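Below is one structure, written out as structure tokens, with a few remarks after it.
The values are calculated or read from the model by the stated rules, or taken from the named source; none is laboratory data. Please read these numbers as outputs of a predicted model, since none were measured by experiment. Every residue, glycine as well, gets a Cβ built from its backbone with ideal geometry; the counts of neighbours run over all protein chains shown. Heads up: the accessible areas ignore ligands, DNA and RNA and are worked out on the full protein's heavy atoms, side chains in. Shrake-Rupley method; radii C 1.70, N 1.55, O 1.52, S 1.80 Å.
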Amino acid sequence: MPFFKTPFNGYSVRFSPFYESRLAVATAQNFGILGNGRVHVIDLSPNAPIINELISYDTADGVYDVAWSESHDSVLVAAVADGSIKVYDTALPPHSNPLRSLKEHAREVHGLDYNPTRRDSFLSASWDDSVKLWTLDRPASLRTFREHAYCVYSVAWNPKHADVFASASGDCTVRIWDVREPGSTMIIPGHEHEILSCDWNKYDECLIASASVDKSIKIWDVRNYRVPVSVLNGHGYAVRKIKFSPHRRSLIVSCSYDMTVCLWDFMIEDALVGRYDHHTEFAVGVDLSVLVDGLMASTGWDELVYVWQQGMDPRAA
């Protein structure tokens, strides 16, 4: 299946919600510790297992995450290590990009998520312990959410409720927020170690998953979150990112510092239904296509992006 070589270490990969063959990739030099970054926009070739680069954008600092606009098919936002969020439009010439740079966070921006319901706003998660709400028509954030006691690594909008989102933090909690409320509406003390990622189930707005340094993934029902619905064990090191399937209620994909990508069905006893060991360094980015059932992508510190169909070997041509 197709792969793409990046000059820097991969950090995040996202499928376009408009074009089934298009993806964006966030990368950072020197494993994101020090150096430049680059955003790649890539296209799958329809004729062969080839990935073509459509355009790339260089940054002075590493890029940790990307998110596509849900309302403009050519617009994407990038989370940068200098605390800024860069906005790009692939329909414009390179000298017109970035469209703007949104700089409010005091430390690295680590996670982004575009609102899939309202489609006009997005969230940023930062190592300054905060989450910010933005719209592209305003130069300043609409609101800052400060309750976490440590870095916020991940944010995710609820797929059914346009005002509800979750945040995952190194303070070992997932917090549920409603932008209409003054503070968080729920605190889930999900793990005893840092929580690196969270995501909502796309078919049940009450189910949310968390992934932790403790090597586990936990599924929670927000109506009764004292005990997890399911605990998924199988990774050998910290679980870096998780994504629920947009096509199947019980499927979730994960990637880990153990260099593997895993596919889980949390509704069955033997939940681990697929393990992919194509990366040779930390696997830190993973995504599932909204437009093509079973199409997966991952990236890692081995400077490679893989795109493959569920059930196939990502390294096979």
Item to check | Cα gyration tensor shape for the range 176-216, rounded if a/c is under 1.5, else prolate or oblate | outcome: oblate
Checklist outcome for this item: Kirkwood Rh over alpha-carbon pairs of the range 51-92 plugged into Stokes-Einstein at 10 °C, 1.306 mPa s gives a D in µm²/s of 143 µm²/s
Checklist entry - How far apart, in nm, are two points set 7 Å out from the Cα along the Cα-to-Cβ line at D221 and at E20? => result 3.5 nm
Checklist outcome for this item: Carbon/sulfur accessible area of the chain, % of total, 1.4 Å probe, equals 50 percent
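How would you classify the range 57-139 from its alpha-carbon gyration tensor, with a ≥ b ≥ c the square roots of the eigenvalues: rounded for a/c under 1.5, else prolate if a/b is greater than b/c, otherwise oblate?
Oblate.
Calculate the FRET efficiency for L272 and R249 from the Cβ-Cβ distance with a Förster distance of 22 Å, rounded to the nearest 0.05.
Values: r = 17 Å, r/R0 = 0.79.
According to the calculation, E is roughly 0.80.
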Checklist entry - What is the dipole size for the chain, taken about its Cα centre, with +1 at each Lys and Arg Cβ and -1 at each Asp and Glu Cβ, in debye to the nearest 20? => result 400 debye
Next on the checklist: Taking just the alpha-carbon atoms of the range 1-154, what radius of gyration and Dmax come out, in angstrom?
Outcome noted: 15.0, 50
Checklist entry - From a point 7 Å beyond the Cα of A162 in the direction of its Cβ, which residues of the range 98-134 have a backbone N at a distance under 20 Å? => result 113-124, 132-134
Next on the checklist: Students often get this wrong, so check it: of K86/K215; K132/K243; K103/K202; K132/K241; K132/K202; K5/K132, which have C-alpha atoms separated by over 28 Å?
Outcome noted: K86/K215; K103/K202; K5/K132
Checklist entry - Taking only protein heavy atoms and a 1.4 Å probe, what accessible area per residue, in Å², does the range 119-192 have with all protein chains in place? => result 39 Å²
Checklist entry - Rounded if a/c is under 1.5, else prolate if a/b beats b/c, else oblate: with a ≥ b ≥ c from the C-alpha gyration tensor eigenvalues square-rooted, which is the range 162-317? => result prolate
Checklist entry - If you wrap the range 1-74's Cα atoms in a convex hull and average its projection over all directions, what's the area in nm²? => result 4.9 nm²
Checklist entry - So how compact is the chain: Cα radius of gyration and Dmax in angstrom? => result 17.8, 53
Checklist outcome for this item: Relative contact order as a percentage, the range 220-317, C-alpha pairs under 8 Å and 6+ apart, gives 19 percent
Next on the checklist: With a cut-off of 8 Å between alpha carbons and a minimum separation of six or more residues, what is the relative contact order of the chain in percent?
Outcome noted: 14 percent
